[in-house]
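The values are calculated or read from the model by the stated rules, or taken from the named source; none is laboratory data. Predicted model, so just to flag it, every value in this text is computed and none were measured. Positions of Cβ are backbone-derived with ideal geometry, glycine not excepted, and every protein chain shown enters the neighbour counts. Heavy atoms of the whole protein, side chains included, go into the accessibility calculation; ligands, DNA and RNA do not. Shrake-Rupley method; radii C 1.70, N 1.55, O 1.52, S 1.80 Å.
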Amino acid sequence: MASDEALIQTTISSWEQVINRVGTLCLSCSEEQLLVEVAPGKNRISYLWGHLTAVNDAMFSVLRLGERLHPELDAVFIAQPDRSVPLPTSTEIAKCWEDVHTELLSRFKTLTSKEWLERHGNVSPEEFERNPTRNRLAVLLGRTNHASYHFGQMMLAKPKTP
């Protein structure tokens with residue numbers, strides 16, 4: 001395996017690890033635990049789970065991998081803060097989570113190393129020429145960091161079972 005391929009696979013593996021950890025944590029929470037705030041007056045675990053699902057669903061278009069699977073999540077988890085509108089059920093969030101992440105991983109595996117280093121969909125060809133670090137791989141790294149951040153919040157907030 002060439003070094004660039006190894007770096008790409010390492011990045012995908014890191015993303016997969018974080019996504020699996022978030023999914024495992026959220027799926028192991030009771031309905032009551034999912035409603036715990038990560039800090040007083042702040043987002044609840046269920047909101048963060050849906051937020052990550054919506055943000056990661058947007059990766060389809062940002063990475064130029066096709067149409068989003070669940071754009072309807074934006075109205076609840078991107079455009080509005082927690083408690084502004086009723087949240088989908090945990091079962092609905094879990095289904096969307098699974099849909100998005102299974103399909104993303106499948107599409108990630110179709111990209112070559114060269115394609116990972118192409119511009120992402122939120123940057124113009126001219127801007128990309130000036131700054132080639134605004135590529136698909138940078139988006140994946142950023143989304144991995146974003147998910148890791150919220151995973152940490154969830155871990156600290158999740159009540160310990162006796």
Exercise. Which condition number in (1) modelled with pLDDT under 95; (2) closer than 21 Å to Lys109 by Cα is the one that Leu63 fails?
Worked result: (1)
For this session: Please work out which residue is farthest from Ser13 (Cα to Cα), limiting yourself to the range 132-158 and to residues that are open to solvent by 50 Å² or more (accessible area, probe 1.4 Å) and either among the aromatic types (Phe, Trp, Tyr) or assigned to a loop (DSSP other than H, G, I, E, B) (or both).
Result: Pro132
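Give the range 8-42 a look and list any residue that's assigned to a helix (DSSP H, G or I) and farther than 25 Å from Asp57 by Cβ, or say none. Talk me through it step by step, then tell me what you get.
If we filter the range 8-42 for residues that are assigned to a helix (DSSP H, G or I), which is where we start, we get 8-28, 31-34.
Hit for the range 8-42 is Glu32, nothing else.
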For this session: Kindly indicate whether any position in the range 102-111 is closer than 23 Å to Arg21 by Cα, crowded, with 20+ Cβ neighbours inside 10 Å and among the acidic types (Asp, Glu).
Result: no
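Return a yes/no flag: does the range 61-72 have any residue that is free of Cβ contacts under 8 Å to residues at least 40 places away in the same chain, among the acidic types (Asp, Glu), in contact with a Lys or Arg (Cβ under 8 Å, 6 or more places away or on another chain) and open to solvent by 30 Å² or more (accessible area, probe 1.4 Å). Break it down stepwise before answering.
Looking only at the range 61-72, we keep the residues that are free of Cβ contacts under 8 Å to residues at least 40 places away in the same chain, and these are 67-72.
Add one more test, that the residue is among the acidic types (Asp, Glu), and what stays is 67, 72.
Checking which are in contact with a Lys or Arg (Cβ under 8 Å, 6 or more places away or on another chain) leaves us with none.
No - not one qualifying residue is present in the range 61-72.
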Problem set entry | Residue in the range 142-161 that is under 24 Å from His51 (Cβ atoms), out of contact with any strand residue (DSSP E or B) (no Cβ under 7 Å at 6 or more places or on another chain), basic (Lys, Arg) and at pLDDT below 95 present | yes
Problem set entry | Lone unmet requirement of (1) open to solvent by less than 80 Å² (accessible area, probe 1.4 Å); (2) hydrophobic (A, V, I, L, M, F, W, C); (3) more than 18 Å from the chain's Cα centre (by Cα) for Leu117 | (1)
Exercise. Here is a list of conditions, (1) touching a residue at least 60 places away in the same chain (Cβ under 8 Å); (2) open to solvent by less than 70 Å² (accessible area, probe 1.4 Å); (3) in contact with a helix residue (DSSP H, G or I) (Cβ under 6 Å, 6 or more places away or on another chain); (4) not β-branched (Val, Ile, Thr), and Asn122 meets all of them except one; can you say which number that is?
Worked result: (2)
